[in-house]
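The values are calculated or read from the model by the stated rules, or taken from the named source; none is laboratory data. These figures come from a predicted structure and were not determined experimentally. Note: ideal-geometry Cβ built from the backbone for every residue, glycine included; neighbour counts use all protein chains shown.
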Amino acid sequence: MAKALEKIPQKYHENLIVGYEHSDDAAVYKIDNDKALIQTLDFFTPVVDDPYLFGSIAAANSLSDIYAMGGKPILAMNIVCFPNCLDMEILGEILRGGYEKVAESGAILVGGHSVEDDEPKYGLSVTGMTNPKNVLTNAGAKEGDLLVLTKPLGSGILNTAIKGDIIEKSHYEEVVKIMSYLNMYAAIPFEKLKVHAVTDITGFGLIGHLVEMAKGSNTTIVIETKTIPVIDGAFDYAKMGIIPAGMYNNREYFEHEVIYQNDKFKSSILCDILYDPQTSGGLLVSLPESEAIEYMKILNSTQAIKCEIIGRVTSKKDKYIVLE
C-alpha cells in the first residue's frame, strides 16, 4: 500500500493537518482554531466464525484510528461486502456487533453502504473530532521517550489457529476479548499526559509500525524484547508453524531497518511475533519517562489487558530499530 501511495500526487492544503505522507492512521482537517475533523476507514474479512464477534472486532479496529490521532469518534458508517448465498441473519448479527461497539464508543452509527461480494467483509468509515492543538501523529516521538504498548501481540498467529480449527477455547476467548477491546480506554488518559506520538498496531505488525514512527520522527527506537507482552497460546501455535503469511511479508519489507543485538534472536519465535500482523491491536504510545510511568499506573488500574513499557527513543542511528 505504501508503495502504491507514492505514485499518487500529494494534495497540500492549508487546513490539512495530517495526510498520508507519514502513513498515519487517519487524515485530519482543521475546521477552525478549536475544531479539527478526523477521517478514517477500515474493513476486512472474518477473523472468527461468530458473526456478532466479527462485527465487534471489525468495528473496534476501525474506531482505533480515531483514538490514535488523539480524537473522539462522533459518526460511523458501515462498509459491507456480502454474498447473496448466505443467510441475511448472519449479516444482521455482524451489523449488530458493529452497532454495539460503536455505541460503546459514544459515536452514532448512521447507515452505510453494501455491495455483493463472494466473501464477507465488514468495517466502518469513522469521523472523529479533536482540537487542532491536540492532534497526535506517529511522527512526534522524541529522544528520551519511553514506549508503551497497550495490548499484547500475537493475534495474527491465533487468528490463523482459529482458521485451522485447532485453537483451544481459553486462547480463543482471550484473543477475542483483546481484539474487541476498544482502544478508547487506553486513550482516555491522554488528556492528562504529555503524549508525543501514537499509532495503533495492525497489519504491519509491531516492527512495521515502529519503523514508521521512528522514520517519521527521525529517531531510532530501541526495543527491550524481554518486555514484549504476548497473548497466551501465541508461542505454542507459532512453534507448530501456525504463522500467517503476512508475518513473512512484514519481515521481508521491514527487516532491513532492524539491528539485532543478538543474532540468535532472528530465528526465535518471539522475533516472528514482532512481525506478526495484528487485528485490532493496541496503541503504541511515545511519551516522556515520568509520563510513561504515570500512564502505566493508570492503565494497570483501569484495564485488564496486558500492557508494558517496551522500549525507548534515541537519537537517529544507522537504522531505525534496535532489538536488544
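A few remarks follow.
- When restricted to residues that are in a helix (DSSP H, G or I), surrounded by fewer than 21 Cβ atoms within 10 Å (Cβ to Cβ) and out of contact with any helix residue (DSSP H, G or I) (no Cβ under 6 Å at 6 or more places or on another chain), region 42-79 contains 0.
- Top-ranked residue of region 164-176 - restricted to ones that are touching a residue at least 12 places away in the same chain (Cβ under 8 Å) and assigned to a helix (DSSP H, G or I), ranked as surrounded by the most Cβ atoms within 10 Å (Cβ to Cβ): V175
- Some residue of region 83-102 being farther than 22 Å from G140 by Cβ, surrounded by fewer than 18 Cβ atoms within 10 Å (Cβ to Cβ), touching a residue at least 60 places away in the same chain (Cβ under 8 Å) and of a type in the set (A, V, I, L, M, F, W, C): no
- Scanning region 103-132 for residues that are hydroxyl-bearing (S, T, Y) and either surrounded by fewer than 17 Cβ atoms within 10 Å (Cβ to Cβ) or at pLDDT 95 or above (or both) turns up S105, S114, Y122, S125, T127.
- Residues in region 267-297 that are surrounded by 15 or more Cβ atoms within 10 Å (Cβ to Cβ), β-branched (V, I, T) and either part of a helix (DSSP H, G or I) or out of contact with any Ser or Thr (no Cβ under 6 Å at 6 or more places or on another chain) (or both): I269, I273, V285.
- Any hit, region 212-219, residues being in the same structural domain as K306 (by TED's automatic domain parsing), assigned to a helix (DSSP H, G or I) and within 15 Å of the chain's Cα centre (by Cα): yes
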